[in-house]
Amino acid sequence: MKKIYLICSLTVFIGIAAGISFFLIRDANAKIPAEVTLIDQNGDSYNFGKDHTKLKLVEFIYTHCPDICPTTTEKMIDLKKDFDKIGVFGKDIEFLTITIDPYRDTPEILTSYMQGFEIENNNQWLFLTGDKQNIKRDRQEMKKVADAMQFQFKDPGNGQFIHSTFTFLVDENNKFIDKYPMGKDFNKKEVYDTVMDKLD
């Protein structure tokens, strides 16, 4: 009986370890496709393959989100202030906020969202959406980015999206470095320390 119990316990342990390893390897190999092109809050084209800023913090939102999205944006604003103090924001790290609701979140709406948070529109923090002339295609482009980072989202039909709750740090080649909880659990010190470690 003890032998059977030991074998069962060992099997469960191996299964758990294999599962953890799978997710760690999957995240470590995650990379945003270089060919993805969207438009920013100014209506200008943004291509992931042409942006070689050393680090990017990627946030997924939709502007009608009642809680976790605006809370994350607020915490990123505080983080930006810390990076501004040491002169690395916009030079060594930039923020990318990508809407998961491009039909409603036009460049004008994203600009209004920025203004509501008093975020300076200076191309150091970009808010990305789709071109309304090619919105179906660009929605698929956004999904490529989300899928690469394993960020899941779904509109249940009422416009209140169900979505994953992580932000992502990627390198100059858009390769995954780390992920951080959104909302009140977003730990700016943890993100700051990781970024500074990568910049050293």
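No lab work stands behind these numbers, since they all come straight from the coordinates. The structure displayed is predicted, hence computed values, not measured ones. When we count neighbours, we look across all protein chains shown, and the Cβ atoms used for this are built from the backbone with ideal geometry, even at glycine.
Here the Karplus curve 6.51 cos²θ - 1.76 cosθ + 1.60, taken at θ = phi - 60°, turns the phi angles of segment 118-125 into couplings of 6, 8, 5, 8, 10, 6, 9, 10 Hz, with x standing for Gly and Pro. Cβ-to-Cβ counts within 10 Å put 195, 36 in ascending order as 36, 195, the fewest first.
Scanning the chain for trypsin sites (Lys or Arg not before Pro) in DSSP loops with at most 13 neighbouring Cβ atoms within 10 Å leaves 105-200 as the longest stretch between them.
Matching the structure-derived semi-axes √(5λ) of the Cα gyration tensor in Å against the labelled list [x] 40, 16, 14; [y] 43, 23, 14; [z] 33, 21, 17 gives the label [z]. Taking θ as phi - 60° and the Karplus parameters 6.51, -1.76 and 1.60, the scalar couplings of segment 57-65 work out to 9, 9, 10, 9, 9, 9, 6, 8, 4 Hz in sequence order, x denoting glycine and proline.
For the cross-link pairs 56/144; 154/188; 56/132; 80/198; 50/188; 75/189, the ones whose C-alpha atoms lie over 20 Å apart are 154/188; 56/132; 50/188. Other residues with beta-carbon under 15 Å from the beta-carbon of residue 129 carry, at +1 per Lys or Arg and -1 per Asp or Glu, a net charge of -2. Near the amide H of residue 182, within less than 5 Å, lie the amide hydrogens of 166, 167, all on another chain or at least 5 residues away, with H placed in the peptide plane. Largest mean-square fluctuation among 127, 153, 168, in a Gaussian network model of the chain whose springs join Cα atoms under 10 Å apart, belongs to 153. In terms of other Cβ atoms within 10 Å, 162, 68 run from fewest to most in the order 162, 68. Residue exposure proxy: 112, 45, ordered by other Cβ atoms within 10 angstrom of their Cβ from fewest to most, comes out as 45, 112.
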